[in-house]
Amino acid sequence: MSELIHDKVVKEILQELVGELGKKQLFAESLVNNYLQDLVAQAQLLVKSGSRVEDLQEYYLQEFRGNIMDSVVEALIKSSEFKDSLYKKSYERLKAFGDENKSYQDLFTEIYEDETYLNEIFVRLVEETEGVAITSAKQLQELTGITEIYGYWDEEKGETVPYGDKKPTKKQAQDIAFKQIEATFTSAMSYRYSKALEDILEAGGKYKDLLQVKPSYFNLPDTWTGCLPTDQYSSILWAIENAFLIGEPNTSVRPDLKTIAQEIQAPYSVLMDAHKICNKWKLQS
């Protein structure tokens, strides 16, 4: 999706969730209140330990301005409300873009490679237009006719800019095209797989139910690359993380790991692995 459209969609959704200035929505207000309650609890413990309120005032003011508000925004973006709205609006905008007599090549230039939901929308739109279910990268390429890519589209320059120092050869352009189509297909299928796992959890499903859903059901191999999940187990871990905000440090926003393990009837080690994989990603990003 072009930066302009992407930014517009994100801005619209955040405004819907947060509300206009002075008119906070209940969803955002509840998040802020949860963080404030956690902050107050921390302050009370420190006062009991002998710290003076005056000494804590500036520290907690800075904490609220910085880490807490950053955490609230992060929690908003990770919420199901935000993600559902983002997908729906993005689908509508991309479908309208494609309906304006645009080619699949034009539509493809609107997709951010690292956004799995955008890749899934691209595949979905091709499926809906062609009236078939796409089960491989080869089929996706045949249907779209995207067989050569010579660079990326630069909106400011109004031209295609080569990835390297010079324009690639025809063979190189064909290799680039297939690699990008393959990455798009894998990303799209990984999104569908992850969404299915998250839906199971949101519906009250258990860990054993997650194990029954195989990557092959979504045309994925045993292992893949280019996404946060890379196999069945990591897909399950990320689904649990997304469903329960495992990486969220504020325990007033999420239950503790043992409670989650009991709720989904999973070994505690699975929740620990979900916590580790999330923290590892945070350190790398």
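The values are calculated or read from the model by the stated rules, or taken from the named source; none is laboratory data. Note that this is a predicted model, so its numbers are computed, not measured. Methodologically, a virtual Cβ is constructed for each residue, glycine included, from the backbone with ideal geometry; neighbour enumeration extends over all protein chains shown.
So which residues in the stretch 110-122 are surrounded by 15 or more Cβ atoms within 10 Å (Cβ to Cβ) and assigned to a loop (DSSP other than H, G, I, E, B)?
Residues of the stretch 110-122 that are surrounded by 15 or more Cβ atoms within 10 Å (Cβ to Cβ), as a first pass: 110-111, 115-122.
Selection gives 110, 111, 115.
Residues checked against (1) outside any helix (DSSP H, G or I); (2) farther than 13 Å from residue 113 by Cβ; (3) at pLDDT below 95:
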{"residue": "150", "(1), (2), (3)": "yes, yes, yes"}
{"residue": "165", "(1), (2), (3)": "yes, yes, yes"}
{"residue": "174", "(1), (2), (3)": "no, yes, no"}
{"residue": "177", "(1), (2), (3)": "no, yes, no"}
{"residue": "185", "(1), (2), (3)": "no, no, no"}
{"residue": "188", "(1), (2), (3)": "no, no, no"}
{"residue": "191", "(1), (2), (3)": "no, no, no"}
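Could you tell me how many of the residues in the stretch 233-245 are buried (at least 19 other Cβ atoms within 10 Å of the Cβ) and modelled with pLDDT of 95 or more?
6
In the stretch 146-182, how many residues are without any contact (Cβ under 8 Å) to a residue 24 or more places away in the chain, among the small types (Gly, Ala, Ser) and more than 23 Å from residue 95 (Cα to Cα)?
Counting residues in the stretch 146-182 that are without any contact (Cβ under 8 Å) to a residue 24 or more places away in the chain, among the small types (Gly, Ala, Ser) and more than 23 Å from residue 95 (Cα to Cα) gives 2.
If you go through the stretch 218-230 one residue at a time, do you hit one that is under 15 Å from residue 279 (Cα atoms) and either modelled with pLDDT under 95 or of a type outside the set (A, V, I, L, M) (or both)?
If we filter the stretch 218-230 for residues that are under 15 Å from residue 279 (Cα atoms), which is where we start, we get 228-229.
Adding the requirement that they be either modelled with pLDDT under 95 or of a type outside the set (A, V, I, L, M) (or both) leaves 228-229.
Yes, the conditions are met somewhere in the stretch 218-230.
Just one of (1) of a type outside the set (Lys, Arg); (2) in contact with a strand residue (DSSP E or B) (Cβ under 9 Å, 6 or more places away or on another chain); (3) surrounded by 15 or more Cβ atoms within 10 Å (Cβ to Cβ) trips up residue 209, so point out which.
It is condition (2) that residue 209 fails.
Please work out which residue is surrounded by the fewest Cβ atoms within 10 Å (Cβ to Cβ), limiting yourself to the stretch 157-192 and to residues that are of a type in the set (Ser, Thr, Tyr) and more than 23 Å from residue 224 (Cα to Cα).
Restricting to residues being of a type in the set (Ser, Thr, Tyr) and more than 23 Å from residue 224 (Cα to Cα), the top hit is 169.
With respect to residue 247, is the statement that it is in contact (Cβ under 8 Å) with a residue 40 or more places away in the chain, closer than 22 Å to residue 275 by Cα and in the same structural domain as residue 279 (by TED's automatic domain parsing) true? Show your work before the answer.
Numbers: in contact (Cβ under 8 Å) with a residue 40 or more places away in the chain: no; closer than 22 Å to residue 275 by Cα: yes; in the same structural domain as residue 279 (by TED's automatic domain parsing): yes.
In short, no.
Here are 125, 107, 94, 143: which of them is buried (at least 16 other Cβ atoms within 10 Å of the Cβ) and either assigned by TED's automatic domain parsing to the domain that holds residue 12 or in contact (Cβ under 8 Å) with a residue 40 or more places away in the chain (or both)?
On the way: 125 fails: either assigned by TED's automatic domain parsing to the domain that holds residue 12 or in contact (Cβ under 8 Å) with a residue 40 or more places away in the chain (or both); 107 fails: either assigned by TED's automatic domain parsing to the domain that holds residue 12 or in contact (Cβ under 8 Å) with a residue 40 or more places away in the chain (or both); 143 fails: either assigned by TED's automatic domain parsing to the domain that holds residue 12 or in contact (Cβ under 8 Å) with a residue 40 or more places away in the chain (or both).
Only one candidate qualifies: 94.
Among what's in the stretch 152-163 and is in a loop (DSSP other than H, G, I, E, B) and at negative phi, pick the residue that is modelled with the lowest pLDDT. Steps first, answer last, please.
Within the stretch 152-163, the first condition is being in a loop (DSSP other than H, G, I, E, B), and the residues that meet it are 155-158, 162-163.
Next, only the ones that are at negative phi stay: 155-157, 162-163.
Working: 155: 71, 156: 76, 157: 79, 162: 87, 163: 85.
In this case the residue turns out to be 155.
Does residue 134 fit the bill of being in contact with a helix residue (DSSP H, G or I) (Cβ under 7 Å, 6 or more places away or on another chain), surrounded by 14 or more Cβ atoms within 10 Å (Cβ to Cβ), touching a residue at least 40 places away in the same chain (Cβ under 8 Å) and β-branched (Val, Ile, Thr)? Spell out the reasoning first.
Working: in contact with a helix residue (DSSP H, G or I) (Cβ under 7 Å, 6 or more places away or on another chain): yes; surrounded by 14 or more Cβ atoms within 10 Å (Cβ to Cβ): yes; touching a residue at least 40 places away in the same chain (Cβ under 8 Å): yes; β-branched (Val, Ile, Thr): yes.
Yes; evaluated as a whole, the condition is true for this residue.
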